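Worksheet: one structure, shown below.
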Amino acid sequence: MVKVLAVLYKGGQAAKEEPRLLGTIENSLGISEWLKKEGHELIVTDDKEGPDSQFQKHIADAEILVTTPFHPGYLTADLIEKSKNLKLCVTAGVGSDHIDLDAANKKNITVAEVSGSNVVSVAEHVVMSILLLVRNFVPAHEQILADDWNVAQIARNAFDLEGKTVGTVGCGRIGYRVLERLRGFNCKELLWFDYTDLPEGKSNKRTPDFKRVDKLEDMLAKCDVVTINCPLHEKTRGLFNDEIISKMKKGAWLVNTARGAICDRNAVKKALESGQLNGYAGDVWDVQPAPKDHPWRHAFNTLGGGNGMVPHYSGTTLDAQARYANGAKDIIQRYLAGKEQNPANLIVIDGDYASKAYGQREKKPTGQKPAGP
Ligand code: NAD
């Protein structure tokens with residue numbers, strides 16, 4: 001019998017009414033019955049903070065941990081040390097920064113995510129966020145809700161996306177898809193900054209309209225819109241601080257659906273207030289759920305707009321949930337059967353990084369070995 005611990009978000013009434021909300025504790029990725037039938041133990045909880053939480057209690061002897069970036073159970077080095085049986089961490093979604101990957105490596109714990117499962121969902125959200133900032137949509141909608149009507153007040157800060165330069169920090173599965181989706185808008189330039197090449201099969205020959213920029217600062221200086229699409233790791237934590245934001249074009253828009261902690265919370269707020277940024281949008285926060293007094297809830301540009309923040313949901317549409325629930329089940333199934341994992345899903349295995357996305361490292365990614373019990 002294997003003990004599986006799943007930290008998922010609370011769905012409440014919505015999850016009772018909508019069984020396709022698979023990322024919730026109520027619907028448990030659709031794996032409860034299956035695991036029970038197979039004779040395994042499944043603990044499902046949303047209680048993840050502090051030493052008395054269910055997460056910290058059960059991590060002590062769980063063999064498999066399933067977490068979701070939407071309600072991350074932060075698996076710190078201390079908790080990894082405390083976990084006696086942990087062999088496999090499954091991220092139901094994409095982005096495993098809530099796990100201390102170096103500490104996982106030290107204990108030979110495999111970390112796998114459902115790569116690609118929600119990349120279209122996020123790319124669509126990015127395009128929507130760019131448009132809502134550039135076109136000043138949120139304050140316009142708020143006028144309607146407030147029974148107000150003032151075209152000039154909105155139009156004074158509304159623009160077309162056509163003719164603007166857009167750049168992505170990170171051009172992997174999501175960043176690439178964002179640029180692809182922006183083609184139809186006749187932007188001036190579509191730029192990308194990344195230390196790895198374009199995703200497999202997406203060579204620059206097929207995409208001469210996407211231009212690679214070698215230095216982040218050079219790209220930022222050209223962009224009207226910057227979209228962040230890289231993982232959170234030691235080199236990207238706090239990357240968008242006062243200094244980097246000062247390298248952006250004055251009045252640019254910044255969209256971050258990657259991870260909240262890539263942007264310094266106070267630097268973003270200050271930049272909006274000074275006019276250095278005209279808008280900031282995204283769904284990711286440096287702590288989740290975001291506290292009521294988080295500065296990004298009420299951060300505005302000099303005209304009182306420019307805030308496109310929402311709770312972390314871009315990658316958890318119902319379509320995405322079906323994909324990441326299936327993918328998480330597949331990873332667990334392979335582990336239980338002692339089968340090889342799909343290499344694309346592996347982040348760390350056998351004490352080393354299997355993915356190139358979590359920072360540039362000297363060592364080449366290792367070949368994969370089965371992650372069996
Ligand atoms: P991916 O691995 O396909 O691509 C990530 C790219 O970022 C890689 O090409 C990598 O080389 C690049 N990169 C890493 N560090 C960089 C740096 N310092 N500068 C420039 N580029 C860098 O991953 P993906 O599927 O595109 O997802 C990217 C990230 O988006 C995830 O790690 C996750 O944090 C986030 N995400 C958010 C949601 C959401 O719901 N908001 C959902 C899925 C993923």
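The values are calculated or read from the model by the stated rules, or taken from the named source; none is laboratory data. If you're wondering where the values come from, they're calculated on a predicted model, not measured in any experiment. Counting neighbours? That spans all protein chains shown, and the Cβs are built from the backbone with ideal geometry, glycine included. Keep in mind that these areas ignore ligands, DNA and RNA; they rest on the heavy atoms of the full protein, side chains included. Shrake-Rupley method; radii C 1.70, N 1.55, O 1.52, S 1.80 Å.
Pairs, please: C-beta under 8 Å, at least 6 apart or cross-chain, first residue away from the ligand (no atom under 15 Å from the Cβ) and in the range 166-187, second open to solvent by less than 20 Å² (accessible area, probe 1.4 Å) and polar (S, T, N, Q)?
Here the result reads Val166/Thr227; Cys187/Thr165, each pair linking the range 166-187 to a residue that is open to solvent by less than 20 Å² (accessible area, probe 1.4 Å) and polar (S, T, N, Q).
For Leu254, state whether it is within 16 Å of the ligand (Cβ to nearest atom) and more than 17 Å from Leu133 (Cα to Cα).
No.
Is there any pair linking a residue in the range 233-246 that is open to solvent by 70 Å² or more (accessible area, probe 1.4 Å) to one that is outside any helix (DSSP H, G or I) and at pLDDT 95 or above, with Cβ under 7 Å and at least six apart or on different chains, and which?
The qualifying pairs are Ser246/Gln276.
Each row is one residue, and each column tells you yes or no for (1) in a loop (DSSP other than H, G, I, E, B); (2) of a type in the set (D, E, K, R).
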{"position": "Lys16", "(1), (2)": "no, yes"}
{"position": "Pro19", "(1), (2)": "yes, no"}
{"position": "Lys36", "(1), (2)": "no, yes"}
{"position": "Ile43", "(1), (2)": "no, no"}
{"position": "Lys48", "(1), (2)": "yes, yes"}
{"position": "Lys57", "(1), (2)": "no, yes"}
{"position": "Leu65", "(1), (2)": "no, no"}
{"position": "Phe70", "(1), (2)": "yes, no"}
{"position": "Gly73", "(1), (2)": "yes, no"}
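Listed here are the residues, each with its yes/no results for (1) over 18 Å from Tyr335 (Cβ atoms); (2) within 16 Å of the ligand (Cβ to nearest atom); (3) free of Cβ contacts under 8 Å to residues at least 12 places away in the same chain.
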site: Ser53; (1), (2), (3): yes, no, yes
site: Ile64; (1), (2), (3): no, no, no
site: Glu81; (1), (2), (3): yes, no, no
site: Lys84; (1), (2), (3): no, no, no
site: Ile99; (1), (2), (3): no, yes, no
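Would you tally the residues in the range 70-104 being over 15 Å from the mean Cα position of the chain (by Cα) and open to solvent by 20 Å² or more (accessible area, probe 1.4 Å)?
10
Which is open to solvent by less than 70 Å² (accessible area, probe 1.4 Å) and within 15 Å of the chain's Cα centre (by Cα), of Val134, Val120, Val138, Val166?
Checking each option against the conditions leaves just Val120.
I need the full set of residues from the range 1-28 which are within 18 Å of Gly93 (Cα to Cα), of a type in the set (A, V, I, L, M) and open to solvent by 10 Å² or more (accessible area, probe 1.4 Å), in order please.
Leu21, Leu22, Ile25
Considering Ala104, Ala112, which residue is touching a Cys at 6+ places or on another chain (Cβ under 8 Å) and not in a helix (DSSP H, G or I)?
Of Ala104, Ala112, the one residue that is touching a Cys at 6+ places or on another chain (Cβ under 8 Å) and not in a helix (DSSP H, G or I) is Ala112.
Being out of contact with any helix residue (DSSP H, G or I) (no Cβ under 6 Å at 6 or more places or on another chain), more than 10 Å from the ligand (Cβ to nearest atom), outside any loop (DSSP other than H, G, I, E, B) and open to solvent by less than 10 Å² (accessible area, probe 1.4 Å) narrows it down to one residue among Leu220, Leu191; which is it?
Details: Leu191 fails: out of contact with any helix residue (DSSP H, G or I) (no Cβ under 6 Å at 6 or more places or on another chain).
Leu220 is the lone residue from the list that is out of contact with any helix residue (DSSP H, G or I) (no Cβ under 6 Å at 6 or more places or on another chain), more than 10 Å from the ligand (Cβ to nearest atom), outside any loop (DSSP other than H, G, I, E, B) and open to solvent by less than 10 Å² (accessible area, probe 1.4 Å).
Would you check which residues across the range 169-188 are open to solvent by 70 Å² or more (accessible area, probe 1.4 Å) and under 16 Å from Asn256 (Cα atoms) and list them?
Arg173
Does the range 203-210 include one or more residues that are farther than 17 Å from Ile130 by Cα, in contact with a Phe, Trp or Tyr (Cβ under 8 Å, 6 or more places away or on another chain) and open to solvent by 10 Å² or more (accessible area, probe 1.4 Å)?
The answer is yes, given that some residue of the range 203-210 is farther than 17 Å from Ile130 by Cα, in contact with a Phe, Trp or Tyr (Cβ under 8 Å, 6 or more places away or on another chain) and open to solvent by 10 Å² or more (accessible area, probe 1.4 Å).
Does Gly260 satisfy the criteria of being modelled with pLDDT of 95 or more and surrounded by fewer than 18 Cβ atoms within 10 Å (Cβ to Cβ)?
no
Hey, among the residues in the range 1-14 that are touching a strand residue (DSSP E or B) at 6+ places or on another chain (Cβ under 7 Å) and not in a loop (DSSP other than H, G, I, E, B), which one's farthest from Thr316 (Cα to Cα)?
Among those that are touching a strand residue (DSSP E or B) at 6+ places or on another chain (Cβ under 7 Å) and not in a loop (DSSP other than H, G, I, E, B), it is Lys3.
Residues of the range 265-283 being open to solvent by less than 60 Å² (accessible area, probe 1.4 Å) and either within 15 Å of the ligand (Cβ to nearest atom) or in a helix (DSSP H, G or I) (or both), which ones?
Ala267, Val268, Lys269, Ala271, Leu272, Tyr280, Ala281, Gly282, Asp283
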